[in-house]
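*Asks:* Please read through the structure below; I'll follow up with questions.
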Amino acid sequence: MYVHTLLIILSLQTLVTFVSLVIILNRYLKSKLTPELLLSIFFFLLTLWGLFFTIGGILKNNLILATILLKCGLVLGTAGFIFLYFFTIIIFGSRVNYFTFGLLTSLYSVFITSVFVYNDVDITWSNEVGMFVLVFQTHTPRILFFLLATIVGIRLIYESYKIIFLRLKKLLNVSKTTRRQFTLLLLAAYIGIFGDAVGSVIAYFLPVQTRLLPFHILVAISTILILFAYLMAPQVPYIIASRPIMLYVANEDGIPIFSFKFVKIPIDESLFGAIIAALIQFGKHTLKTHEEIRNIRWENLTMTFKVYEYLRFIIISEGYHPQLYKALETFTERFIKKYNDKLSPDVRDITLFKDAVYLVKEAFPFIVID
């Protein structure tokens, strides 16, 4: 009944993770973004897991090599949890919790020792599926696997709370697409992590020949969801993680001619305008370097500047990411293109640029403008 079923599922999972690896790695080579590197490593480990299980499973006449490949595949696949954890928290702008990292590293080290040193995991030939399959000789590796997945899952719950309730809810007019993207990313992580944690318990009660099926199916589903969700709008998570507050366009005297508020909290725009005007005047007349300033850190705020002739484009945020600056550049280019005939060094009429809110949506695609 099960002959070739496991081999087909292993091959499909390996193909899915390999294609995902190629897509994300190609993006990383162009962008050099750390989360894309972490996601590439995650897909690479899952690809090796499926590949080693596939090759090792069919090596009927080479027990030693088959054992090495299957054990290595298990260890590498389990390491994927750690990289998925890093990817998820970094892309959403959180910091690595060193206690969690130390705990995961310790458990993973014990897991490796259990697999390779104490041989708590072995392989056996299954006539039902026509392959070698892994067998846990003791409960130790199963418990360690469950703990690794559960700890990462609990941290993800905490990160989800921060993302949904402490960030997205603070933003004005967040699009449904962005909400779906964040939901899919978190759902994919939950399926891949909690699904495998629960699967490790359920697998104990399944026949030997079917114990691996749930894991590889869940991994394939999780991979597809992560890839699809990330590619919906790759720049959006980074911009939101920077926690944008206000967008300003000012003339060279520092007088705002356009502003846009990203957050729901009350903001004294006149106060920000006065600060920006003072900074521009200070850079222009004292430092003589106003055109080279890109970032200014002021207490818990970051001001990111883009200079175009006699205009200053500024975004105020709680954090910073290169993607935030790229979004500011995009807005600058489209603003100049749209209003080029209305611009002058002494422009002050803010009514001329009221329609620029639609350019904000184009540069910051998580925003909905009614």
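The values are calculated or read from the model by the stated rules, or taken from the named source; none is laboratory data. Computed from a predicted structure; not experimentally measured. Heads up, the Cβs are rebuilt from the backbone with ideal geometry, glycines too, and the neighbour counts pull from every protein chain shown.
*Asks:* So I24 fits all but one of (1) without any contact (Cβ under 8 Å) to a residue 40 or more places away in the chain; (2) in contact with an Asp or Glu (Cβ under 8 Å, 6 or more places away or on another chain); what number is the exception?
*Replies:* Single failed check for I24: (1).
*Asks:* Looking at (1) in contact with a strand residue (DSSP E or B) (Cβ under 7 Å, 6 or more places away or on another chain); (2) at pLDDT 90 or above, which is the one condition that is false for V135?
*Replies:* Against the list (1) in contact with a strand residue (DSSP E or B) (Cβ under 7 Å, 6 or more places away or on another chain); (2) at pLDDT 90 or above, V135 comes up short only on (2).
*Asks:* Within region 320-360, work out how many residues are basic (K, R) and either at pLDDT 90 or above or crowded, with 16+ Cβ neighbours inside 10 Å (or both).
*Replies:* Residues meeting the conditions: 4.
*Asks:* Would you check which residues across region 23-47 are surrounded by fewer than 22 Cβ atoms within 10 Å (Cβ to Cβ) and either over 17 Å from the mean Cα position of the chain (by Cα) or outside any helix (DSSP H, G or I) (or both) and list them?
*Replies:* Across region 23-47, the qualifying residues are K32, L33.
*Asks:* One residue is enough: does region 75-94 have a residue meeting the conditions among the polar types (S, T, N, Q), closer than 29 Å to Q209 by Cα and free of Cβ contacts under 8 Å to residues at least 40 places away in the same chain?
*Replies:* no
*Asks:* A further question on this structure: Could you tell me which residue of region 138-175 is nearest to L103 (Cα to Cα), considering only residues that are modelled with pLDDT under 85 and among the charged types (D, E, K, R)?
*Replies:* Per the stated criteria, the residue is R155.
*Asks:* Answer yes if at least one residue in region 337-350 is touching a strand residue (DSSP E or B) at 6+ places or on another chain (Cβ under 6 Å) and part of a helix (DSSP H, G or I), and no otherwise.
*Replies:* Scanning region 337-350, I find at least one residue that is touching a strand residue (DSSP E or B) at 6+ places or on another chain (Cβ under 6 Å) and part of a helix (DSSP H, G or I), so the answer is yes.
*Asks:* Search region 196-212 for residues being among the aliphatic types (A, V, I, L, M) and closer than 16 Å to F145 by Cα, and hand back the single one that is surrounded by the fewest Cβ atoms within 10 Å (Cβ to Cβ). Working first, answer last.
*Replies:* Residues of region 196-212 that are among the aliphatic types (A, V, I, L, M), as a first pass: 197-198, 201-203, 206, 208, 212.
If we keep only those that are closer than 16 Å to F145 by Cα too, we end up with 197-198, 201-203, 212.
Numbers: A197: 19, V198: 16, V201: 12, I202: 10, A203: 20, L212: 23.
Ranking the qualifying residues of region 196-212, first place goes to I202.
*Asks:* Which of the residues that make up region 131-174 are assigned to a loop (DSSP other than H, G, I, E, B) and surrounded by fewer than 18 Cβ atoms within 10 Å (Cβ to Cβ)?
*Replies:* If the condition is that a residue be assigned to a loop (DSSP other than H, G, I, E, B) and surrounded by fewer than 18 Cβ atoms within 10 Å (Cβ to Cβ), then Q137, T138, H139, L172, N173 are the ones that fit.
*Asks:* Any residue at all in region 108-120 that is of a type in the set (F, W, Y) and outside any helix (DSSP H, G or I)? Talk me through it step by step, then tell me what you get.
*Replies:* Step one: list which residues in region 108-120 are of a type in the set (F, W, Y), which gives 108, 111, 116, 118.
Adding the requirement that they be outside any helix (DSSP H, G or I) leaves 118.
Yes, region 108-120 contains a residue that is of a type in the set (F, W, Y) and outside any helix (DSSP H, G or I).
*Asks:* Which one is modelled with the lowest pLDDT among residues in region 48-69 that are surrounded by fewer than 20 Cβ atoms within 10 Å (Cβ to Cβ), over 22 Å from A220 (Cβ atoms) and touching a strand residue (DSSP E or B) at 6+ places or on another chain (Cβ under 9 Å)?
*Replies:* This residue is K60.
*Asks:* How about region 112-131: which of its residues are of a type in the set (F, W, Y) and either under 16 Å from F83 (Cα atoms) or in contact (Cβ under 8 Å) with a residue 40 or more places away in the chain (or both)?
*Replies:* Result: F116, W125.
*Asks:* Can you find a residue in region 57-67 that is part of a helix (DSSP H, G or I), of a type in the set (G, A, S) and in the same structural domain as I193 (by TED's automatic domain parsing)?
*Replies:* Checking region 57-67: at least one residue is part of a helix (DSSP H, G or I), of a type in the set (G, A, S) and in the same structural domain as I193 (by TED's automatic domain parsing).
*Asks:* Against the definition (in contact (Cβ under 8 Å) with a residue 60 or more places away in the chain, closer than 23 Å to S126 by Cβ and of a type in the set (S, T, N, Q)), how does T17 come out, yes or no? Talk me through it step by step, then tell me what you get.
*Replies:* On the way: in contact (Cβ under 8 Å) with a residue 60 or more places away in the chain: yes; closer than 23 Å to S126 by Cβ: no; of a type in the set (S, T, N, Q): yes.
No; evaluated as a whole, the condition is false for this residue.
*Asks:* Let me ask something else about it. Quick one: I193 ticks every box in (1) touching a residue at least 12 places away in the same chain (Cβ under 8 Å); (2) more than 24 Å from A229 (Cβ to Cβ) except a single one, so which number is it?
*Replies:* (2)
*Asks:* Tell me whether region 212-219 contains one or more residues that are in contact with an Asp or Glu (Cβ under 9 Å, 6 or more places away or on another chain), in the same structural domain as L12 (by TED's automatic domain parsing) and not aliphatic (A, V, I, L, M).
*Replies:* There is at least one residue in region 212-219 that is in contact with an Asp or Glu (Cβ under 9 Å, 6 or more places away or on another chain), in the same structural domain as L12 (by TED's automatic domain parsing) and not aliphatic (A, V, I, L, M).
*Asks:* A further question follows. Which pairs do you get when a residue that is within 11 Å of Y248 (Cα to Cα), found in region 312-335, comes within reach of a residue that is of a type in the set (K, R) and crowded, with 17+ Cβ neighbours inside 10 Å, reach meaning Cβ atoms under 7 angstrom, with the pair 6+ apart or on two chains?
*Replies:* Short answer, once both residue conditions are applied: F313/K306; L328/K306; T332/K306.
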